[in-house]
Each structure stands twice: as C-alpha cells, then as structure tokens.
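See below for the structure under consideration.
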Amino acid sequence: MFIPHSKEEREEMLRVIGVKKIEDLFKCLPPEHLYPKLNLPPGITEMEALEELNHIASVNESAQELICFLGAGVYYHYTPAAVDFLLHRGEFYTAYTPYQPEISQGTLQAIFEYQSLISALTGMDVSNASHYDGATAVAEAINMAYHHFRMTRPKVIISPSLNPQYIETVETYIRGSDIHIVTGGLPLTSTPDDLIPLIDDETALIVVQYPDFLGQIFDFSELVRVAHQSKVLVCIHVNPLALGLFTPPGDFGADIVTGEGQSLGLPMSYGGPYLGIFATRSQYVRKMAGRLVGETIDSRGQRGYVLTLSTREQHIRREKATSNICSNQGLLALAAGIYLSLLGKNGLQKIAKLNYHKAHYAAKVIDSLDQYNLVTHAPFFNEFVIKCPKPIAAINRHLLDHDILGGFDLGSVSQELENHMLIAVTEMISREEIDFMTQVLSEVTDA
C-alpha cells in the first residue's frame, strides 16, 4: 500500500495525538470486525474466470437481442463507431481534471467545444461542463435559482409531467433546506399553462420538461411570459435529440436549460453513468454550478483555454461554493461532443425526424387495434401513451415471450394511468418490428 508519509512523519503525528502506534487508533472497534476473514472461493485461472464471467453475462438480455420499445428517460439509440474509437484514445480516456491548464489544453478544448455545441443546440448563452445526469442538473437548477434570489423565494413549481425519478432526486437534494416543491396536485397529464395559477411572489423557479415525460411537445411561451412578469425564473429540461427538430428552449425565453445527454452517443449501460446538460443566460453564470471553460489569448498571441469559472469547493473556499459537484464526467461530455460533431446540424435533424415519424407510425397502427387507444393527443416526439385492455405487466410478459421489450408501466408512477403504457420508438426500430409488435399486442386481446 502506498503511504505518502515517512516513518518519522508518522511517528510525529502519533506523538501529537497521544498514541504509540497506528493500531491503537482502532482499539475502539470490536476485534471480530478488525480483520475479518473474507469468504472467497478457491483461486482459479484467468481463462476459467473469463469463462465464468461470460456465462453470467449470457443470462442478461439487452436491446441488441430484443426489440426495444422501452424509454421513460433512457433510450436505445445508435452510436457511431467513431465515438467509442475516439473516446478510448489514451489522451482522452486517461485524462484527469485539468487543474493545470498549461498542460491540459486538449482536455480544456474538448470541454470548450462541448459547451459551444450545447449552447448552440439549446439557444442559450453559456453551458457548463457538466453534471452527473439529468436529475442532478434539474436539482442544481433549483439550487441556483434559490441562491439567485438570495434565499428569499423558497418556492419551486415543478410540472407533474417531469420525469418522476428527477422529482425524487430533487426531494433528496433539498432535504434540510427551506426550499419547498409545489406541483399543485395536478395530474401527470397536465399542461404547462396549468402551472400559471401557482405562480406567486414566493416562487423562485418553474421546472418543465420538453418533451415531457409522456413524450408530449408544448409551447412554453405563455408560461414564460407570465413567470417573467413576476420575476420568476423558468427551467426547461430537454431531450437534446428532440432539439434537432423542435424550437430550442432559448427561443421560448428559458432562463435555465437542463437535459439528459444519454441520447447523444451514450449507451444505456444499466442506468448510467450519464451526462447532465446545464445551460443558462449570461447574467446567471456566476451562480452556475460546475465548471466553465473559456477561450483566450496567451502572452505570445496564441489561442489557449482556461477554467474561466469554477464555482466548486476544490478551487475556491468551501463556504463560497455554490455546489458540491466536484467532477464533470468529462469523458461523457466528450462523447456527446463527438456525437454532435459527427452528425452536424443536418444529421441531428435526420435522426430526430426518424424518431418522430417512426413513433407516429407506431401510434397509428397500435391505436387501430381493438381495445388499444392512443391517449396522447398533443404533438409528441418519440414516445406516446396507449391505454391497454389488461395490466401492463401481463402484456409485457407476453411481449417478452416474443423477444420484445415492452413499454413503461405508467401505473407504477400514477394511479390515474393504470393499464397505460408509455411506448418509445427510436431510429433503431424498423417498420417491420413495429408491425410485429402490433401483431403480438393483438394476441393479448384474443387470448
């Protein structure tokens, strides 16, 4: 084990605290827990270990073996081979936090390019780089708005159609603070304009999702206008892939834009790690958590990159930090940057259109089945809600028997949506696979 102190230094520290040897520090612990014997199996060869691990892995079924219609925040998208190829290059894969900018120019430039792409995609002035995931980004937006008003506005209005897991994360984040969350008792199917009556002088922030958890697309212009009349900030949480086709949130007048970057070249990976997108207006940048890389000119007139702002406890005094976020997961931000660079504006639009049109085709053919009804009436992106004739768990078991991973059971998050399925369709799903799923769904009603 590496210990960064000399024998003499350790002896001096022990003398100061009044003990003779390091073992004395642990006398308070029960002896049976000091040096427990690990219950490990006998040693095996590398070849045998690999065989055992492959056997364990073979039990799992993934979206590569199944036809995947499951979304609800994490989606099966195609990742160009170049993303992983570039990501796994040693200079990126092993790079650490750029504490010394003069020897971290490549890492800093990669972050700067990511920020530029996210700012352009969202229509905002600046983007940080970055947060742990979409849920954390939403929580940090609430934290930022609360401190923007110097903790005088404790109320935050959250749309019920925000991803329920994000709401749970937010509730964990704010526990112990004066911030209180308001949803107004509205149903999951409510619209943004339903939130307007909840606005008052105590409100710091309104959080909505675009597309929302049910895949619906709404115009937030009126909500933003009314909110700004009361000096309330508005956070729009986005699926960045949808912005290849729809109005960027900056055009609605959003003050903060958060997002989940998983759809930008990141695999589903059993739930993470993912990428938390966070962008805002210039006037709020000093309250933004995370790091911000800037471009400058050095003393020789050469272009260089620096950490312009870094409101985190490792760079400034802890009591002045606006967040405990201390890692930007730069490798994932780099993956998103490579993905967006490879696709470009036209490529991103093509991918978004595939998601849009395939989802609408699926909604049409499933809605044509007896006892299956399309519930989503607002415009939607790549997800929609179908009311089913039987419990979703039973339907999904039948689909799995035919190698189909069914949609999300909305009854698990909302009693009013019992027997409602949230179905996601991405560019990875073919028309033939949609028709096959429709055929299998029809067998449920016939059984």
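Listed values, structure above:
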| quantity | calculated |
| --- | --- |
| Residue list for segment 255-277, restricted to those being in contact (Cβ under 8 Å) with a residue 24 or more places away in the chain, of a type outside the set (A, V, I, L, M) and over 24 Å from K350 (Cα atoms) | D255, G271, G272, P273 |
| Selected residue (criterion: nearest to L374 (Cα to Cα)) from residues of segment 193-224 that are among the polar types (S, T, N, Q) and assigned to a strand (DSSP E or B) | Q216 |
| Residues that are assigned to a helix (DSSP H, G or I) and either crowded, with 19+ Cβ neighbours inside 10 Å or in contact with a helix residue (DSSP H, G or I) (Cβ under 9 Å, 6 or more places away or on another chain) (or both), drawn from segment 252-284 | F252, G261, Q262, S263, S269, Y284 |
| Qualifying residues in segment 114-133 (those that are in contact with a Phe, Trp or Tyr (Cβ under 7 Å, 6 or more places away or on another chain) and of a type in the set (S, T, N, Q)) - the one surrounded by the fewest Cβ atoms within 10 Å (Cβ to Cβ) | S127 |
| Selection count where residues are over 21 Å from the mean Cα position of the chain (by Cα) and either more than 19 Å from L342 (Cα to Cα) or charged (D, E, K, R) (or both), scope segment 72-92 | 3 |
| Residue satisfying all of: in segment 370-391; crowded, with 23+ Cβ neighbours inside 10 Å and under 27 Å from the mean Cα position of the chain (by Cα); farthest from L422 (Cα to Cα) among these | F381 |
| Whichever residue in segment 225-250 is more than 19 Å from the chain's Cα centre (by Cα) and outside any helix (DSSP H, G or I) and, among such residues, is nearest to I351 (Cα to Cα) | L245 |
| Residue count, segment 392-419 (criterion: touching a helix residue (DSSP H, G or I) at 6+ places or on another chain (Cβ under 9 Å) and either closer than 18 Å to Y76 by Cβ or not in a helix (DSSP H, G or I) (or both)) | 12 |
| Which listed residue, of T136, T203, is closer than 20 Å to Q283 by Cα and surrounded by 16 or more Cβ atoms within 10 Å (Cβ to Cβ) | T203 |
| Set A352, A359, A336: member being under 24 Å from the mean Cα position of the chain (by Cα) and either loosely packed, with under 14 Cβ neighbours inside 10 Å or in the same structural domain as T97 (by TED's automatic domain parsing) (or both) | A336 |
| Residue within segment 285-306 that is hydroxyl-bearing (S, T, Y), surrounded by fewer than 17 Cβ atoms within 10 Å (Cβ to Cβ) and assigned by TED's automatic domain parsing to the domain that holds T189 present | yes |
| Whichever residue in segment 139-179 is within 18 Å of the chain's Cα centre (by Cα) and of a type in the set (V, I, T) and, among such residues, is surrounded by the fewest Cβ atoms within 10 Å (Cβ to Cβ) | T172 |
| Candidates A95, A72, filtered to the one that is assigned to a loop (DSSP other than H, G, I, E, B) and out of contact with any Ser or Thr (no Cβ under 6 Å at 6 or more places or on another chain) | A72 |
| Contacts under 9 angstrom Cβ, first residue in segment 135-164 being assigned by TED's automatic domain parsing to the domain that holds A72, partner in a helix (DSSP H, G or I), 6 or more apart | none |
| Exclusive hit being of a type in the set (A, V, I, L, M, F, W, C) and within 19 Å of G276 (Cα to Cα), set I111, I103 | I111 |
| Filter result (within 19 Å of G71 (Cα to Cα), in contact with a helix residue (DSSP H, G or I) (Cβ under 7 Å, 6 or more places away or on another chain) and among the hydroxyl-bearing types (S, T, Y)) within segment 329-371 | Y361 |
| Near pairs, Cβ below 9 angstrom, 6+ apart or cross-chain, from segment 72-100 (acidic (D, E)) to any residue that is crowded, with 18+ Cβ neighbours inside 10 Å | D84/G265; D84/A335; E91/T107 |
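Each row is one residue, and each column tells you yes or no for (1) among the β-branched types (V, I, T); (2) in contact with a strand residue (DSSP E or B) (Cβ under 6 Å, 6 or more places away or on another chain).
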residue: H360; (1), (2): no, no
residue: N373; (1), (2): no, yes
residue: H377; (1), (2): no, no
residue: I395; (1), (2): yes, no
residue: E418; (1), (2): no, no
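The values are calculated or read from the model by the stated rules, or taken from the named source; none is laboratory data. Keep in mind that what you see is a predicted model, and the values were worked out from it rather than measured. Heads up, the Cβs are rebuilt from the backbone with ideal geometry, glycines too, and the neighbour counts pull from every protein chain shown.
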